[in-house]
Amino acid sequence: MHFQQKMESEFYVVHEKLGDLFEAASRVCYRGGQVQGGILSCDTEIDVLVERLQGGGAGARGIKVRSKKSPYLIQVRTDGRRLAPEKRKGAKAFIWEEKKKGIIYLLSCEDRENFERLSSKIERYLSPRLSKIFLRTSEIRSALNRLTENSKSLTLRVREYTSRSLIDDPGSHKRVRTNREWTDEDHRSVFEKLSEQREWISAIRLDVCGQSLASGKIRRDSTFSCARGFKYFFRTVVSTVKDAVVRSREFLGKRDQQSHPKRFARALKIEYEQPVFSDKRQNGRLVQTLKGLRNSALSVFHPNPYLHASLIDYTDGSSYEIWVTTQNSILIVPKRKATTGSIERVCDFICDKFQEGEIKDFPGQ
Amino acid sequence: MKLDDAISQVRDECDNYIQTVQALKALANELLWDEGKERLVINGKVYFGRKMDTSHSNRISPDAQVTPDLLVLRSENESYVVEAKLALSKDPAKRKDKLIEIQKYDDNFYGWDGSKGYVASHDIILLVRFFHGVNVRDQIAQLKTDKKMKFERNFAIVTFHRVEETQTWMSLELLDGILKPKEKQDKLIRRDKPISLELLVSNPQFGHVQLYDARPPAPLLMHQIHETILATLPSEDNLLLMETGKVEREVDTGELREMLSESFGPRNGDDRTPDIPKRAWVRDAMVLFVKLGWSKHEEKSKYVYEVRQRRNPLDQFVKLCAREVSKTVEMKAKMLAKEKEKYPLFQKIIEKEKP
């Protein structure tokens, strides 16, 4: 039997307890495999989600629940003409919740590509109750700092990271470049360097050294992968990233008109240290960037010297007003409906594809 | 008229409407601003349109109901009635009637929020664009001299324009007249404290307002309808839209009007709140959706709206309206030419009286 198939057949069995699943995940890593996982925000109990996944609508979409209690084993059909035959078999993952925090975890031993397909299919089907949370560089940095501060014996070594930075060349058609570095440095010095060079992080692979050893990667979309010491990696890195996810969700969630008893929307601002919009061509670049957001529509009411546009997110019907009226910020005003997942997606898209800035509350007067 | 010119014209109309709403918000913000405490007056109230009963002695509309564009209740002794005239004609003769009509607000209105329904007095403000200001002021002065216009209450002309510096500001200037309190009047004369545009658009109380008591250009309302229909789709339909790229939604113009009003109109929650948008506006916009092929008319007020992932809805609405404008202009030009041909001796009169 092929190595991957053997690993999968041992991993994807019904686990009575979460501890058994963690043991199985550790075994996958020990044998040289990798587990993929995701931290998702959820506004309901897992039983409600699973009930929906067990319904006919999910079945028709190729989603099946293969076990009767948590951690639930989910199987998703990953069809597509472009897929290689071995990938058409489908993908599987375990799903369980962390009740008080409103967090759902996904864990799988699929390859990254297949896991992403599975994850996006589940998210889409369970939207808006389940949503993906995105983290900014500062949030990942603070989370990792907190982890090492709380456990003095623990050190984090960065082995690899992917970041983005601005292209200064005015003749360039691209605004942002992607950088990938292989290294062996303390996480603080890496984040210091990123800050100095005005880069923002996409993914970071870390070695965790403390009571045990672990190695894994975390990404700004709150997904992770682990190649060594799963239990320790989950207890340390994933757990601290989860806290950042909860904070981000609480900060960005419930900002639309329909979430407020008096129907007041709560605006937010992406603020930059530099006067990004002193060059009015940046308005046009922001418009071009926003046009690239999948499943959305951008309507520009006023392009220059100030920018006023409306953004509709077709994935769940959320909509926003986008304003650039100062040189160093973008104002996002949610309208009637703006789900947490959508706000996260829009803010992350601007931060990742245009330029990362600090997201702040903007209460107005 | 070329299509490109018509597109520019429709876009300008949209921008003018948006500017008018911003100007009303700026003035509301200014009138509620407490200079001493540097914040908005806590119990102040703002109404973007309110049906007010006129008295028997009203010089223009006795015993009737009028709907000023903006009413601000700052305190028991300080209240304001505002009329925005941002799209005034350049021709003084065409402007005259609109200006004289403002006198209908010089009355002891019934319908103010509160147990009595009356206020001691209110100031009247005419809000006009910066570049109309002087002409309007001079014309009103002339009308007053000619005894065609008079005010028993304080009357002021306030102009508005957007200022671009390191950020975008709204600047208001008191061009003529008197306003209470005196500090407010002095501040507006000095116009040294413009209001940040982002504070207006993010104001929790009235930031959402995008419609006032004047018909919006069709593309704006169509965009709002498109947004509202999407925002009120059940999540099953959202999923279907993502999977199949299309979903149909039955809409009733009455229900749609309510939803639009909730999202974009003034919300004061009593029976004096005017119906904004009006049902006729929504119905006309739905007719345009039918022309665009996005909607089908079922019966009476019922339409079936086909929701698709349209990438740039506003541009499509603007183009549609521009084509309509272009067609109308061409049609009128043809009619005019025909008339001239028919009555060659009256060519000059026909030309002069063309709309």
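The values are calculated or read from the model by the stated rules, or taken from the named source; none is laboratory data. For clarity, every value in this text was computed on a predicted model and none was experimentally measured. Cβ: placed from backbone, ideal geometry, glycine included. Neighbour counts: every protein chain shown. Keep in mind that these areas ignore ligands, DNA and RNA; they rest on the heavy atoms of the full protein, side chains included. Shrake-Rupley method; radii C 1.70, N 1.55, O 1.52, S 1.80 Å.
Counting only other chain Cβ atoms within 10 Å of each residue's Cβ, the peptide B:189-202 averages 4. Potential lengthening of the chain between A:Gln54 and A:Ser189 amounts to 43.9 nm, from the contour at 0.36 nm per residue minus the alpha-carbon distance. Pairs of lysines in region A:257-361 whose Cα atoms sit within less than 17 Å of one another amount to 6, provided the residues are eight or more positions apart or on different chains. Under conditions of 20 °C and 1.002 mPa s, the protein assembly as shown yields 74 µm² s⁻¹ as its translational diffusion coefficient, taking Rh as the Kirkwood radius over Cα pairs in the Stokes-Einstein equation. Along the positive direction of the dipole of the protein assembly as shown (beta-carbon charges: Lys, Arg +1; Asp, Glu -1; about the Cα centre), which of A:Val14, A:Tyr306, A:Phe230 reaches farthest? After comparing all options, I get A:Val14.
Spin-label model, A:Glu250/A:Asp168: points 7 Å from Cα along the beta carbon direction are separated by 4.1 nm. Can you pull the percent of the protein assembly as shown's accessible area that's carbon plus sulfur, 1.4 Å probe, other chains left in place? That fraction is 48 percent.
Can you tell me the FRET efficiency between A:Arg198 and B:Arg311 if r is taken as the Cβ-Cβ distance and R0 is 25 Å, rounded to the nearest 0.05? Working from the Cβ atoms, E equals 0.20. Note on region B:12-201: dipole from Cβ charges, positive end direction compared against B:Thr145, B:Phe131, B:Thr166; the farthest Cα belongs to B:Thr145. Summed over the residues of region B:185-262 and divided among them, the accessible surface reaches 35 Å² per residue at a probe radius of 1.4 Å. I need the shape label for region A:197-320. Rule: rounded when a/c is under 1.5, else prolate if a/b > b/c, else oblate, with a, b, c from the alpha carbon gyration tensor. It is prolate, given that a/c is not under 1.5 and a/b is the larger ratio.
In order along region B:138-149, the phi-based Karplus estimate (6.51 cos²θ - 1.76 cosθ + 1.60, θ = phi - 60°) of 3J(HN,Hα) comes to 5, 5, 5, 4, 5, 5, 5, 4, 6, 6, 9, 9 Hz; Gly and Pro are listed as x. When A:Arg336, A:Arg235, A:Arg52 are compared by accessible surface with a 1.4 Å probe, the order from highest to lowest is A:Arg235, A:Arg52, A:Arg336.
Packing-based ranking of A:254-260, A:42-48 yields A:254-260, A:42-48, ordered from highest to lowest mean Cβ neighbour count within 10 Å. Taken one residue at a time, the phi angles of region B:199-216 give Karplus couplings (6.51, -1.76, 1.60, θ = phi - 60°) of 5, 6, 6, 9, 4, x, 7, 10, x, 6, 5, 10, 10, 10, 6, 8, 4, x Hz. Gly and Pro are set to x. Treating r as the C-beta distance of A:Glu181 and B:Met1 and R0 as 51 Å, the FRET efficiency rounds to 0.30. Across every pair of non-identical alpha carbons in region B:218-313, the mean reciprocal distance, once inverted, gives a Kirkwood radius of 13.9 Å. Along its first, second and third principal axes, ordered by size, chain B spans 66, 61, 48 Å in Cα coordinates.
Taking trypsin sites (Lys or Arg not before Pro) across region B:65-101, the ones in a DSSP loop with at most 14 further Cβ atoms lying within 10 angstrom of their Cβ are B:Lys90. Of all lysines in the structure, the ones whose alpha carbon falls short of 23 Å from that of B:Lys182, not counting any fewer than 8 places away in one chain, are B:Lys25, B:Lys37, B:Lys45, B:Lys150, B:Lys193. The length gained by stretching the chain between B:Asp97 and B:Glu152 to full extension, at 0.36 nm per residue less their Cα-Cα distance, is 17.9 nm.
In this rough spin-label picture, where each label sits 7 Å from Cα along the Cβ direction, the B:Ser61-A:Lys89 distance is 7.5 nm.
Using a 1.4 Å probe and counting only protein heavy atoms, how much accessible surface gets buried when B and A come together, both sides summed, in Å² to the nearest 100? In total, this chain pair buries about 4200 Å².
Each of A:Phe264, A:Trp323, A:Thr339 was placed along the dipole of region A:257-361 (beta-carbon charges, centred on the mean Cα), and the one lying farthest toward the positive end is A:Phe264. Between region B:287-325 and region A:298-354, the alpha-carbon centres lie 24 Å apart. When the pairs A:Lys68/A:Lys92; B:Lys96/B:Lys340; B:Lys116/B:Lys187; A:Lys6/A:Lys89 are compared against a 20 Å limit on Cα-Cα distance, B:Lys96/B:Lys340; B:Lys116/B:Lys187 fall above it.
Name the trypsin sites (Lys or Arg not before Pro) in region B:262-333 that are in a loop by DSSP and that have at most 10 other C-beta atoms within 10 Å, would you? For trypsin sites (Lys or Arg not before Pro) across region B:262-333 that sit outside H, G, I, E and B with at most 10 neighbouring Cβ atoms in 10 Å, the list reads B:Lys300. Per-residue shielding of A:267-274, expressed as the average number of other chain Cβ atoms within 10 Å of the residue Cβ, stands at 1. Region B:7-21 and region A:12-26 have Cα centres lying 62 Å from one another. Relative to one another, the C-alpha centroids of region A:262-296 and region B:57-111 are positioned 39 Å apart. Residues of region B:307-321 whose accessible area, computed with a 1.4 Å probe over protein heavy atoms, drops by at least 30 Å² once all protein chains are present relative to their chain alone are B:Gln309, B:Arg311, B:Asn312, B:Leu314.
Counting lysine pairs in region A:137-252 that sit 8 or more residues apart in sequence, or on different chains, and whose Cα atoms lie under 26 Å apart gives 10.
Put a plus charge on the Cβ of each Lys and Arg, a minus charge on the Cβ of each Asp and Glu, and nothing anywhere else: the dipole of region A:137-252 about its Cα centre is then about 400 debye. Accessible-area rank, largest first, for B:Tyr343, B:Tyr212: B:Tyr343, B:Tyr212, with all protein chains present and a 1.4 angstrom probe. Our estimate of slack between B:Met335 and B:Asn108, defined as 0.36 nm per intervening residue step minus the Cα-Cα distance, is 76.9 nm. Can you give the net charge of the other residues whose Cβ lies under 9 Å from the Cβ of A:Ser329, counting K and R as +1 and D and E as -1? Every neighbour counted, the sum reads 0.
Magnitude of the charge dipole for the protein assembly as shown, about its Cα centre and with charges confined to Cβ atoms of Lys, Arg (+1) and Asp, Glu (-1), is about 1380 debye.
For region A:293-365, the solvent-accessible area with a 1.4 angstrom probe is 23 square angstrom per residue. Rolling a 1.4 Å probe across the protein heavy atoms gives region A:137-252 an accessible surface of 46 Å² per residue.
Rounded to the nearest 20, the Cβ-based charge dipole of region A:257-361 about its Cα centre (Lys and Arg +1, Asp and Glu -1) stands at 460 debye. Each residue of region A:56-63 was assigned a 3J(HN,Hα) from its phi angle through the Karplus curve 6.51 cos²θ - 1.76 cosθ + 1.60 (θ = phi - 60°); the sequence is x, x, 5, x, 5, 9, x, 9 Hz, with glycine and proline shown as x.
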